[in-house]
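Here the structure is laid out as structure tokens; the discussion comes afterwards.
The values are calculated or read from the model by the stated rules, or taken from the named source; none is laboratory data. This structure is a prediction, so every number in the text was calculated from the model and none was measured. Every residue, glycine as well, gets a Cβ built from its backbone with ideal geometry; the counts of neighbours run over all protein chains shown.
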Amino acid sequence: MFRSSLGIFVFTASALVMACGEKTAEPAKPVAGVAEPVAHEAPKAVAEAPKAVEAIVEPAQNEIAPVVVTIELPASLAGADLAVGKRQYSKCRACHTVKEGQANRVGPNLYGIFGNAAAQTPKFRYSKALLESGKTWDMQSMDTWIANPRETVPGTSMAFVGIKDDEKRKALLAYLYTETGGEN
């Protein structure tokens, strides 16, 4: 019984190593009657250049094909760090989506928000305060809103406390601007 299980273990371990793409100098063999490890030479590194592979990837039936779009940032966002903006967006992600066609969550989808009137995302129920605010989402109004939504529009249902740091807010605005399609 013991020899049989050791052989299965050695065979399985060899199969796993081979499945991971590593090659051993010799195949693993069960040791008769003794449960000692089998010594092998270390695998030799092969310095081989990776081969270029061309592939055409078709989107799945219900996916939208990726499109690369270049969006120029407004002068007010010059020097903003998009990586910092993406990290700041993690505070928004639980409630908002940014890509065209994505669903609303607790908050509305933000695609196309810049240049549009507040409270215009279809199929989203806004607070009375935001509906009656008369705001248009330009860079200044978005900056003020993100700094402190409740002070900007008293009575809003947005629970976010805001981002007080000017550089982090600028970075978030730059990220949102690029991710939501820029100004309409």
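Numbers at a glance
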| item | result |
| --- | --- |
| Qualifying residues in region 108-128 (those that are surrounded by 19 or more Cβ atoms within 10 Å (Cβ to Cβ) and among the small types (Gly, Ala, Ser)) - the one farthest from residue 174 (Cα to Cα) | 119 |
| 2 or more residues over 28 Å from the mean Cα position of the chain (by Cα) and farther than 22 Å from residue 74 by Cα: qualifying helices (runs of 4 or more DSSP H) within region 119-174 | 128-131, 149-152 |
| Odd one out for residue 72 among (1) at pLDDT 90 or above; (2) assigned to a loop (DSSP other than H, G, I, E, B) | (1) |
